[in-house]
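Below is one structure; the comments refer to it alone.
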Amino acid sequence: MAEVPLVVVVVQRGGPSTGLPTKVEQGDLLAVLYGAPGDNPKIVLAPATIEECFHFVVLARRLAESFRGPVMVLTDANLATGVSPFPRPRPEAGWLAPPADQSPWPEGMTPFDWDERTGLSPRPVPGQRGGEYVLTGLAHNRQGKVAYDSTSNQTGCEMRSRKLGALRQTLVPPVVHGDEEGDLLVVGWGSTLGAIEEAVDCLRADGHRVSSLHLRFLSPLEPGLEEIFARFRQVMTVELNYSDRPDAPLVTPTRRRYAQLAILLRQRTLLDVDCWSVVSGQPVPPGVIVAELEKRLAALEGAPENIGELACSA
Amino acid sequence: MFGLKTDWHPDVPQRSFTLESYEGGVARWCPSCGDHGILSAVQRICRDEQIPPEQVVAVSGIGCSGRFPHYMHAYGFHSLHGRALPVACGIKVRRPDLQIWVATGDGDCCSIGAGHWLHAVRYNMDMTVMLLDNSVYGLTKKQTSPTTPVGLATNTHPEGAWLPPLNVVETVLGFTNISFVAKTVDWNPAHMYQTLHAAYCHRGLSFVQILQRCPTYTPHIFDEWRGNPDSIRLLVHEDGVPADPPVAKMYRNHVEHDPSDLDRARQLAADAERIPIGLLYRNPDAPRYEDFTARGLGMPTDEKLAALDRELDRFAI
Ligand SMILES: Cc1ncc(C[n+]2csc(CCOP(=O)(O)OP(=O)(O)O)c2C)c(N)n1
């Protein structure tokens, strides 16, 4: 609403409530995306390694300024408290925020001069002569004036939403770890990268047709997911947050509460994305993932090939 | 030559500002609301000090008081209920060059924003904080606020507020690292102007409680002090808020008060009957948070990169 650049680093720890305050969880994804009144599109990045945490903060600052809004960097207790060596970065001028623009504001330009296609608009910075405006959390028009009429709020929401679309245009599809097609695709995000890939490598060495995909952009989601998913017989997420076990009492496939990324992927792709997740507060060991994947693979490998089943059961 | 430095130039101001330079939208407060006078006082100070409008930032939370920035021609941030002070601090952290005026209400500052209030005062960043105190939640049509007098009927306490009201200035005088605490009344524009002007001139957080009439919900709560100026103590001192002769004549009950005397300030503030107006306390030497956070602001890029490199070296193996 304010459309001011802001980088927020969210370090997730075990919930609910104060929960497991020194342990790891990936339980805040939906809260970060949706936990506010009304529609509030924002960019959400999820670094998967300690090295990525470093570089994503630089990226986040740039995105916040280009897209004139909040960027959430979603990390967790493992990334925040872990230690890992990585190649020494060489600072570059592009890392730094440019000095605040204090040149006169172009005459006649409004403080919310939304581009119809991208929703982007230049931002007057206090100190810029002629750019004086009031930033308000109330519905406002392009002039920044409070506007309760029947169209202004709709327009404002549309323009802010278009910014996510504009960013999505610039993203490239994620790279699959392992073969580009197979029986099972495991999708993860954040600090579980190492464990998931180790588990996948181990199963592939045993001849299983399993691959993985790790997402870094959670809002907007990276493009091309539908195409990638279509090349696997089943897609599932592995996450550190709560989901109902499929065999729990009173749970049916349509009455199941899914893990948080799985919820996003199901609604984005309209595919029957499965999930396995825990809230043990511990980093999940590759061996535990291997055991879970083996169960799914056994079911898949025993069943006849049917590429269509993923979409049909959705 | 002629004893002038080579970089001398005649100091002709390029721009001059009138009251209109600071006038934003038409103020939509009720007719005779005290907020109108507070707005005029701020606009007059900006004019008298010739502050370029683009250097002024008016910050508010939510409430009738929250509309303040919309009526200024300046940069403004009409933020969330209770959050005027953290927003103002956030601006000042990296923009010490801007002149910040905060308008907050007794609900905004002393209820929902009370946690921020304590810390912002202690951070002592250079800004003028005006508590527009009408003793109720005005915008939401009269609920009990922390400063509602006992017995005043409100929507939340229809049979009258139960608890003694928070004594705002006494409370602030109990915070740590305070640097400017004053009180004034909206029905005496001359005193209000002088108080806000002194607040503006002070470097650090100047906190000014302004008793503000709400013609709709609390038209009579200040009648006692308005009808009987002798029930008000006018604080006078050479380091205090200057009292114009008409003000000094109207409030005959003068108290010579040295604003560096914190104990005495607390005694004066504690008297809720004979309220003090003027400067209760000033400490120009209290540390200001922005003097730390704004370090390195003008540092050239190559120096910043060198500093970053040094920092990374500490982790390199
Ligand atoms: C988080 C939140 N809680 C409650 C409200 C509703 N609300 C709007 S103004 C207000 C009280 C304002 O009272 P005060 O700060 O004394 O300002 P006044 O209107 O009297 O100037 C409240 C409770 C809100 N806008 N946001």
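Going through B:ASP108, B:ASP97, B:ASP48 one at a time, which residue ends up being part of a loop (DSSP other than H, G, I, E, B) and among the acidic types (Asp, Glu)? Steps first, answer last, please.
On the way: B:ASP108 fails: part of a loop (DSSP other than H, G, I, E, B); B:ASP48 fails: part of a loop (DSSP other than H, G, I, E, B).
None of the others qualify; the one that does is B:ASP97.
Can you confirm whether B:ILE91 is within 12 Å of chain A (Cβ to nearest Cβ), within 18 Å of B:ALA199 (Cβ to Cβ) and either open to solvent by 10 Å² or more (accessible area, probe 1.4 Å) or outside any helix (DSSP H, G or I) (or both)?
Yes, satisfied.
Please verify whether B:VAL181 is part of a strand (DSSP E or B), away from the ligand (no atom under 16 Å from the Cβ) and either more than 14 Å from chain A (Cβ to nearest Cβ) or among the polar types (S, T, N, Q) (or both), treating the condition exactly as stated.
Considered against the rule, which asks whether it is part of a strand (DSSP E or B), away from the ligand (no atom under 16 Å from the Cβ) and either more than 14 Å from chain A (Cβ to nearest Cβ) or among the polar types (S, T, N, Q) (or both), B:VAL181 comes out as yes.
Could you list all residues from region B:138-152 that are open to solvent by less than 70 Å² (accessible area, probe 1.4 Å) and either within 14 Å of chain A (Cβ to nearest Cβ) or within 16 Å of the ligand (Cβ to nearest atom) (or both)?
B:GLY138, B:LYS142, B:GLN143, B:THR144, B:SER145, B:PRO146, B:THR147, B:THR148, B:PRO149, B:LEU152
Among the residues of region A:159-180, write down those that are farther than 24 Å from A:GLY69 by Cβ and out of contact with any helix residue (DSSP H, G or I) (no Cβ under 9 Å at 6 or more places or on another chain).
Within region A:159-180, just A:VAL175 meets the criteria.
Restricting to region A:112-129, name every residue that is in contact with a Leu (Cβ under 8 Å, 6 or more places away or on another chain) and within 19 Å of B:ALA74 (Cα to Cα). Before you say what the answer is, go through the steps one by one.
In the first step, residues of region A:112-129 are kept if they are in contact with a Leu (Cβ under 8 Å, 6 or more places away or on another chain); the result is A:114, A:126-127.
Result: A:PRO126, A:GLY127.
Suppose the filter is touching a helix residue (DSSP H, G or I) at 6+ places or on another chain (Cβ under 8 Å) and more than 8 Å from chain B (Cβ to nearest Cβ); does A:PRO87 pass it?
It is true that A:PRO87 is touching a helix residue (DSSP H, G or I) at 6+ places or on another chain (Cβ under 8 Å) and more than 8 Å from chain B (Cβ to nearest Cβ).
Within region A:223-243, take every residue that is in contact with a helix residue (DSSP H, G or I) (Cβ under 8 Å, 6 or more places away or on another chain) and assigned to a loop (DSSP other than H, G, I, E, B) and give me the one that is most open to solvent (accessible area, probe 1.4 Å).
By that ranking, first place goes to A:PRO223.
Name, by its number, the condition in (1) surrounded by fewer than 11 Cβ atoms within 10 Å (Cβ to Cβ); (2) more than 9 Å from every other protein chain (Cβ to nearest Cβ); (3) not β-branched (Val, Ile, Thr) that does not hold for A:PRO122.
Every condition holds for A:PRO122 apart from (1).
Can you spot a residue in region A:137-148 that is assigned to a loop (DSSP other than H, G, I, E, B), open to solvent by less than 60 Å² (accessible area, probe 1.4 Å), within 10 Å of chain B (Cβ to nearest Cβ) and without any contact (Cβ under 8 Å) to a residue 60 or more places away in the chain?
Quick first cut of region A:137-148, residues assigned to a loop (DSSP other than H, G, I, E, B) only: A:137-139, A:141-145, A:147-148.
Checking the rest, the ones that are also open to solvent by less than 60 Å² (accessible area, probe 1.4 Å) come to A:137-139, A:141, A:144, A:147.
If we keep only those that are within 10 Å of chain B (Cβ to nearest Cβ) too, we end up with A:137-138, A:144.
Imposing the further condition that a residue be without any contact (Cβ under 8 Å) to a residue 60 or more places away in the chain reduces the set to A:138, A:144.
Scanning region A:137-148, I find at least one residue that is assigned to a loop (DSSP other than H, G, I, E, B), open to solvent by less than 60 Å² (accessible area, probe 1.4 Å), within 10 Å of chain B (Cβ to nearest Cβ) and without any contact (Cβ under 8 Å) to a residue 60 or more places away in the chain, so the answer is yes.
Show me the helices (runs of 4 or more DSSP H) entirely contained within region B:234-317 in which 3 or more residues are open to solvent by 40 Å² or more (accessible area, probe 1.4 Å) and within 11 Å of chain A (Cβ to nearest Cβ).
Per the criteria, B:301-313.
Each row is one residue, and each column tells you yes or no for (1) more than 22 Å from B:LYS141 (Cα to Cα); (2) away from the ligand (no atom under 16 Å from the Cβ).
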{"position": "B:VAL42", "(1), (2)": "yes, no"}
{"position": "B:GLU49", "(1), (2)": "yes, yes"}
{"position": "B:ARG67", "(1), (2)": "no, no"}
{"position": "B:SER79", "(1), (2)": "no, no"}
{"position": "B:THR104", "(1), (2)": "no, no"}
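Return the residue satisfying two criteria in turn: it lies in region B:153-181 and is among the polar types (S, T, N, Q) and closer than 30 Å to B:ASP285 by Cα, and of such residues it is least open to solvent (accessible area, probe 1.4 Å).
Only one residue fits best here, namely B:SER179.
The values are calculated or read from the model by the stated rules, or taken from the named source; none is laboratory data. The structure presented is a predicted model; accordingly, all values stated were derived computationally and were not measured. Here Cβ is always computed from backbone atoms with ideal geometry, including for glycine, and neighbour counts include all displayed protein chains. Surface areas here come from the heavy atoms of the whole protein model, side chains and all, with no ligands, DNA or RNA. Shrake-Rupley method; radii C 1.70, N 1.55, O 1.52, S 1.80 Å.
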